[in-house]
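So the structure is just underneath, and the comments pick up after that.
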Amino acid sequence: MTIADRPLRLGTRGSPLALAQATMTAQALCAAHGWAQGAIEIVIVQTSGDRIQDRALAEIGGKALWTKELDRVLLEGEIDFAVHSMKDVETIRPDAITIAAMLPRADVRDRLIGAESLSALPPGAVVGTSSPRRSAQVRRARPDLSITLFRGNVATRLGKLDAGEADATLLAAAGLDRLGQGDIGCAIPVDAMLPAPAQGAVGIETLTENRAMRDLLAAISHADTFDCVMAERAVLRGLNGTCHSPIAALAQIAGEAIRIEAEILSADGAECVRGEAGIARGDDAGAMALGRSLLDRASPALRALFEA
């Protein structure tokens, strides 16, 4: 049974990918607790990030544009829990809200659409993306390429590519897979393009004080995904990272511990500082120390991106 005499209300953005992830979450909860399909109601909440499509996220408020409206309805009791793409969740969250669970992580890689590889793009080709990380990594690999702003959901960005606004674009493999479009584009190995922190992970948040909801969500949380993603988010804290700064990080289970790689880049990709560490599960301090060590080895100009 649910925790109230009504369906549990799951808040989500309204994009096709967000709805697919909300459906995955609802199905996992119903399966774990033996609930009927109607036990969870999906509540669509439009976010500022969905409404504003003509500017880079860093210019208009950062990742909070994906979460602040969902946070509001959660705090006001209009929903019981919310689902997010974890890479879109800002590093510091309100104390009243808890990341209670994560679904098993999907493919962490990026996919290049429009060419078989970055090296296959012709000289001076245009790549569409709004991600500072992807922009910097592309420029590092191919300084001759140009970057143009691509924002919007997967269909919007693919439409811009088809319209000739760019020669290629980069999308998360996990999102394409969840939309049934896993056959599009070519996956880029992580040693060539380290992914964004938390890429491929779906997280579920609820109120910190809502112990009953937290207990229900714990039943569907994937421990390896949770520990790795939280380590990557701790690297972000160590860097004071925002959506303004090109950051990549990937944590993976290694026996009983976690191996984490991370890098920071200048906007043009000319400078890249990379490091790795082995830490225990739950060792946020160790992950934060990795982030700080990258800053310690960076030039003053690169460090300045993380001090603004």
Residue list for the stretch 275-308, filter: among the charged types (D, E, K, R) and more than 16 Å from ASN240 (Cα to Cα): GLU276, ARG281, ASP283
In the stretch 111-136, residue surrounded by the most Cβ atoms within 10 Å (Cβ to Cβ) [restricted to those that are among the aliphatic types (A, V, I, L, M) and assigned to a loop (DSSP other than H, G, I, E, B)]: LEU121
Qualifying residues in the stretch 153-175 (those that are in contact with a Ser or Thr (Cβ under 7 Å, 6 or more places away or on another chain) and in a helix (DSSP H, G or I)) - the one farthest from PRO195 (Cα to Cα): LEU161
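Rundown of residues vs (1) of a type outside the set (A, V, I, L, M, F, W, C); (2) more than 23 Å from the chain's Cα centre (by Cα); (3) at positive phi, yes/no style:
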position	(1), (2), (3)
ARG259	yes, no, no
SER266	yes, no, no
ALA280	no, no, no
MET288	no, no, no
SER299	yes, yes, no
Listing of strands (runs of 3 or more DSSP E) fully contained in the stretch 198-308 that carry 1 or more residues being closer than 24 Å to ASP177 by Cβ and either among the aliphatic types (A, V, I, L, M) or out of contact with any Ser or Thr (no Cβ under 8 Å at 6 or more places or on another chain) (or both): 202-207, 247-254, 257-265
The listed residue being hydrophobic (A, V, I, L, M, F, W, C), buried (at least 19 other Cβ atoms within 10 Å of the Cβ) and either under 26 Å from SER135 (Cα atoms) or in the same structural domain as GLN137 (by TED's automatic domain parsing) (or both), out of ALA262, ALA270: ALA262
Residue that is modelled with the lowest pLDDT [pool: residues in the stretch 24-67 that are among the β-branched types (Val, Ile, Thr) and touching a strand residue (DSSP E or B) at 6+ places or on another chain (Cβ under 6 Å)]: VAL45
Residues that are surrounded by fewer than 18 Cβ atoms within 10 Å (Cβ to Cβ) and either touching a helix residue (DSSP H, G or I) at 6+ places or on another chain (Cβ under 8 Å) or in the same structural domain as PRO246 (by TED's automatic domain parsing) (or both), drawn from the stretch 143-156: GLY152, ALA155
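The values are calculated or read from the model by the stated rules, or taken from the named source; none is laboratory data. Quick caveat, the model's predicted, so the values are computed rather than measured. Methodologically, a virtual Cβ is constructed for each residue, glycine included, from the backbone with ideal geometry; neighbour enumeration extends over all protein chains shown.
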